[in-house]
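Colleague: Dumping the structure here so I can ask a few things about it.
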Ligand code: FPP
């Protein structure tokens, strides 16, 4: 009883902010979390310290999005190209999900967050795969916000995999080539029935998509900031959302 009361009191300031942003929030927000290394360099710290700070920022952004009422958030945590980084950095990044979910899983479950992963998780080290499976299991009955972690994710690889998946249906005789539509193809992507991202944010001043949701972001709005990911505060998030709300989206039409 008291706990519930405290939770309501704690929520109040955010509820006020939620009201001011209400109306046209992205149904799906996708973020390229960039700039961890530079954040660390500027402080004379090793790169992994930047990734650790980035992980802490990620935790806060999930809370912020949940409080703002964003139904789906996808976070680009590790790309298929990130394997090219030095081995010790890759190993560190592969350990972060264990640390993150060990400390966060209870809160995520309490918030009703449904955790999902996109990308080829079968190629991750066994210890990372274990935490992926445990997290999926713990949050499988949640019915709140969806948080999608892109881990060993690459948009081109995803499209190739979707093409193979549809080809297998044809080979098995459960579909013919003529059945292939954009909608049907989309079902074979790892995002499945999730809505396409309405807004893609990239931090750290880089202005490219880097193989992230390249099919799904066909009509997304893009928002770039020089802010480095570990410094991406709630204020910066709200600035992005306000600008998104001011955009005119015509999807190729006139209105
Ligand atoms: C890009 O910054 C960031 C990454 C490749 C890793 C992002 C990962 C996290 C924020 C934490 C993930 C945690 C979990 C639990 C999934 P960069 O290193 O390329 O920065 P730089 O361009 O400044 O060098």
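Derivation of every value follows stated rules applied to the coordinates shown; laboratory data play no part. Given the structure is predicted, the values throughout are model-derived calculations rather than measurements. Note that we place each Cβ from the backbone using ideal geometry, even for glycine, and neighbour counts take in every protein chain shown.
Colleague: Among 109, 160, 147, which one moves the most in a GNM of the chain with springs linking Cα atoms closer than 10 Å?
Modeller: Looking only at 109, 160, 147, the largest GNM fluctuation is found for 160.
Colleague: Right, something else. From the helices alone, meaning DSSP H stretches of at least four residues, give me the mean residue ellipticity at 222 nm for the chain, per-run term -39500 (n - 2.57), in deg cm²/dmol to the nearest 500.
Modeller: Calculated from helices alone, the mean residue ellipticity at 222 nm is -16000 deg cm²/dmol.
Colleague: Say we join alpha carbon atoms closer than 10 Å with springs in a Gaussian network model of the chain; which of 47, 168, 138 then has the biggest fluctuation?
Modeller: Top of the fluctuation ranking is 168.
Colleague: Using the Kirkwood radius over C-alpha pairs as Rh, can you work out the diffusion coefficient of region 103-170 via Stokes-Einstein at 37 °C, viscosity 0.692 mPa s, in µm² per second? If you can, show how the numbers build up before the last one.
Modeller: On the way: Rh = 13.3 Å.
So the translational diffusion coefficient is about 246 µm²/s.
Colleague: Modelling each spin label as a point 7 Å along the Cα-to-Cβ direction, I'd like the residue 175/residue 83 distance in nm, to one decimal.
Modeller: Label at residue 175, label at residue 83, 2.6 nm between them.
Colleague: Using Cβ contacts closer than 10 Å as the measure, can you line up 92, 153 from fewest to most? If you can, show how the numbers build up before the last one.
Modeller: On the way: 92 17, 153 25.
Ranked by crowding around the Cβ, least crowded first: 92, 153.
Colleague: Same structure, new question: Got a sec? How would 233, 121, 128 order by Cβ neighbour count within 10 Å, fewest to most? Don't skip to the end; give the middle numbers.
Modeller: On the way: 233 14, 121 17, 128 20.
Result, fewest neighbours first: 233, 121, 128.
Colleague: Looking at the chain, what % of the alpha carbon pairs are farther apart than 31 Å?
Modeller: 27
Colleague: Another one. From the Cα gyration tensor of region 128-255, with a ≥ b ≥ c the square roots of its eigenvalues, which class applies: rounded if a/c is under 1.5, or else prolate if a/b is larger than b/c, or else oblate?
Modeller: On the way: a/c = 2.09, a/b = 1.38, b/c = 1.51.
In terms of gyration-tensor shape, oblate.
Colleague: Still on this structure, I have one more. Let me understand region 33-77 better: what is its radius of gyration from the alpha carbons, and its Dmax, in angstrom?
Modeller: In Å, with Rg to one decimal and Dmax whole: 12.3, 37.
Colleague: How do 229, 223, 215 rank when sorted from fewest to most other Cβ atoms within 10 Å of their own Cβ? Before the final figure, lay out the partial values.
Modeller: Details: 229 27, 223 19, 215 16.
Fewest-to-most Cβ neighbours within 10 Å comes out as 215, 223, 229.
Colleague: Please identify, among 218, 172, 102, the residue showing maximal mean-square fluctuation in a Gaussian network model of the chain using a 10 angstrom Cα cutoff.
Modeller: Sorting by GNM fluctuation, first place goes to 172.
Colleague: Regarding region 35-163, what whole-number volume in Å³ per residue does the convex hull of its Cα atoms give?
Modeller: Working: hull volume 15.1 nm³, N = 129.
Spelled out: Cα convex hull of region 35-163, divided by residues, is 117 Å³.
Colleague: Can you give the FRET efficiency to the nearest 0.05 for residue 218 and residue 45, using r as the Cβ-Cβ distance and R₀ = 41 Å? Kindly include the intermediate steps, with their values, before the conclusion.
Modeller: On the way: r = 38 Å, r/R0 = 0.93.
Efficiency for this residue pair is about 0.60.
Colleague: In whole Å, what is the distance between the alpha-carbon centres of region 98-142 and region 195-255?
Modeller: Value for the Cα centre distance between the two parts: 25 Å.
Colleague: Of all DSSP beta bridges in the chain, what percent run antiparallel (nearest 5)?
Modeller: Values: 0 of 25 bridges.
Here the antiparallel bridges make up roughly 0 percent for the chain.
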